[in-house]
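S.K.: I am attaching a structure below and will ask some questions about it afterwards.
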Amino acid sequence: GVVTLTGQVEEAVLAARAEELAARVSGVVAIENRLTEQTAVTERLKPVIGRFERRLQQTLDYLPLLMVAGLVWLVIGLLGWFVTTRTQPWSWLTPNAFIADLLRQSLWLAFLMLGAVVALDILGATAVLGTIIGAVGIIGLAIGFAVKDTVENYIASILLSVRQPFQPRDFIALEGMEGFVIRLTSRATILMDVDGNHIRIPNATVFKATIVNYTRNPERRFAFELGIDAASPLHEALTICQDTLEGLGFVLAKPEPGAWIEKLGDSAVIIGVSGWINQAETDFVKARSEAIRTVKTALEAAGFALPEPIYRLRFDAGDALQVTPGSRPEPGGKAAAGKKPAPAPGPAQPGPAANDAVTDTGVDQAVLKKVDDERQSQPDADLLSGDGTDELGARPRV
C-alpha cells in the first residue's frame with residue numbers, strides 16, 4: 001500500500017499533481033514522493049513556451065469577439081455622449097448650470113458602465129465585473145481620503161449653487177472678511193473688498209460660516225453717538241438731532257430717524273442717533289459721515305457744547321498760592337512784582353460759516369465697476385444665477 005514516486009518533472013506543481021493522482025488509486029496507504037524538478041534550462045522553458053503559445057492562440061481566436069465587444073462599448077459610450085451634450089432636457093430639468101453639468105457627467109458615466117457590462121457579457125466574463133467594481137471602490141475610497149478637502153469643497157459648491165445664499169455684487173461679511181461677491185466657482189467664493197483686493201474663500205468654509213448680507217435688504221440703518229454738556233437741556237438736543245436727520249434728503253422718512261440718551265459719561269451725556277437709508281441710491285459710509293457732520297454742526301449752532309473730558313484736581317494741605325488774574329505765579333506764592341496783569345481773553349470771534357450743503361452721498365461705483373469687469377472676463381465661470389433671487393426669494397424693493 002506504499003507508493004514511491006521517482007523521476008523528474010518540469011515544474012513543482014506537476015509533482016504535487018502526480019501525488020494527488022496516486023492517492024486516488026484504491027489500496028494506496030502512503031505515498032513517498034521522490035520526484036525532483038528538472039534543472040536543465042531548455043526543459044524548464046518548455047512549459048512556459050507552451051503556455052504562451054496557448055494563450056496567444058486563444059487571444060487570436062477571441063480577437064473578433066473582442067472587437068465586437070469593444071465596438072458595442074464604443075457605440076454605447078457615443079450614445080451617452082450625444083445625449084449628455086444636448087441642451088435639452090437638462091435646461092428644463094434644472095436652471096442651475098452646475099447641477100445640469102453634474103447630471104450630464106453622471107449620466108455619461110452610467111452609459112460607460114452599461115457599455116462595459118454589455119461588452120463583458122459578450123465575452124462571457126461578467127464575473128470579472130464584480131472584481132473590477134470592488135477594486136474601483138477601494139481605489140475611490142483611498143483617493144477620497146487623500147483629497148478629502150477637495151471633495152468637501154466640491155460638495156459644498158453643489159449645495160451653495162442650489163441654495164444661492166447671495167447674488168453677484170452683494171456686499172457680504174463672513175469669517176471676519178467683507179467684500180463684494182464676484183463669483184462662486186466649483187472650489188471657492190471670490191470677493192473684492194472696498195480696497196479692490198481679491199479675497200478667495202474655500203466653499204467648505206463659506207457653507208459652514210455665518211454670512212451677513214448687507215445688500216439683501218436695501219434699507220439699512222446707520223447709528224452714531226455724540227456727547228453734549230451734562231447741563232444742557234436734553235429734550236431740545238434730542239429734538240434738534242431728530243429734526244436734522246429728517247431734513248437730510250438721503251435719510252428715509254419711513255422708518256423714522258431717532259435720537260435717544262444712550263448713557264451718562266464721565267463729563268458728558270452720550271446721545272445715540274440713527275437713521276435709515278436706501279443702499280441702492282446712497283452709500284452707507286458717506287451717509288453716516290454726512291449725518292455726523294450735519295448733526296454736530298446743528299448742535300453747535302444751537303449753542304450746545306460738545307465737551308472734552310474734564311478732570312477735577314484736589315490740593316491737600318500746603319502753602320496757599322495767590323495768583324492775580326492775568327499774572328504769572330512765582331515760587332513761594334507771590335506774584336511777580338512790577339508786572340501788570342494781562343487782560344482777560346475776550347469772547348472768541350466767530351469763524352467762517354460752516355458749509356451746510358450736503359456732500360455727495362451717492363453709491364461709490366468704483367469697486368462695483370471692477371466687480372463687473374471681473375465678471376465679464378469669465379462670464380461662464382459663475383455658479384450664481386444672477387437673476388436677483390436667492391434662497392429667501394426675490395429681493396425687496398424700496
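S.K.: Given the options Ile143, Ile172, name the one that is touching a Pro at 6+ places or on another chain (Cβ under 9 Å) and among the β-branched types (Val, Ile, Thr).
M.R.: Numbers: Ile143 fails: touching a Pro at 6+ places or on another chain (Cβ under 9 Å).
None of the other options fit; the residue is Ile172.
S.K.: Taking the residues in segment 244-272 that are in contact (Cβ under 8 Å) with a residue 40 or more places away in the chain and more than 21 Å from Asp360 (Cβ to Cβ) as candidates, determine which candidate is nearest to the chain's Cα centre (by Cα).
M.R.: Gly272
S.K.: Now, a different point. Going by what's in this entry, would Glu53 be described as among the charged types (D, E, K, R) and not assigned by TED's automatic domain parsing to the domain that holds Val136?
M.R.: No, not satisfied.
S.K.: Condition check: of a type in the set (D, E, K, R), in contact (Cβ under 8 Å) with a residue 24 or more places away in the chain and touching a helix residue (DSSP H, G or I) at 6+ places or on another chain (Cβ under 6 Å). Does Glu10 satisfy that?
M.R.: Numbers: of a type in the set (D, E, K, R): yes; in contact (Cβ under 8 Å) with a residue 24 or more places away in the chain: yes; touching a helix residue (DSSP H, G or I) at 6+ places or on another chain (Cβ under 6 Å): yes.
Judged against the criteria, Glu10 is a match.
S.K.: Hydrophobic (A, V, I, L, M, F, W, C) and either assigned to a helix (DSSP H, G or I) or modelled with pLDDT of 85 or more (or both) - does that describe any residue in segment 308-317?
M.R.: No: zero hits.
S.K.: Within segment 2-11, is there a residue that is in a loop (DSSP other than H, G, I, E, B) and modelled with pLDDT under 85?
M.R.: yes
S.K.: Follow-up. Can you tell me which residue is farthest from the chain's Cα centre (by Cα) among those in segment 157-206 that are of a type in the set (Ser, Thr, Tyr) and in a helix (DSSP H, G or I)?
M.R.: It comes out as Ser161.
S.K.: If only one of Gly176, Gly130 is closer than 30 Å to Asp373 by Cβ and small (Gly, Ala, Ser), which one is it?
M.R.: Testing whether each residue is closer than 30 Å to Asp373 by Cβ and small (Gly, Ala, Ser) leaves just Gly176.
S.K.: Tell me which of these Val25 doesn't satisfy, since it passes every other one: (1) assigned to a helix (DSSP H, G or I); (2) over 30 Å from Arg104 (Cβ atoms).
M.R.: Against the list (1) assigned to a helix (DSSP H, G or I); (2) over 30 Å from Arg104 (Cβ atoms), Val25 comes up short only on (1).
The values are calculated or read from the model by the stated rules, or taken from the named source; none is laboratory data. These numbers come from a predicted model, not from an experiment. Positions of Cβ are generated from backbone atoms using ideal geometry, with glycine treated the same way; all protein chains shown enter the neighbour counts.
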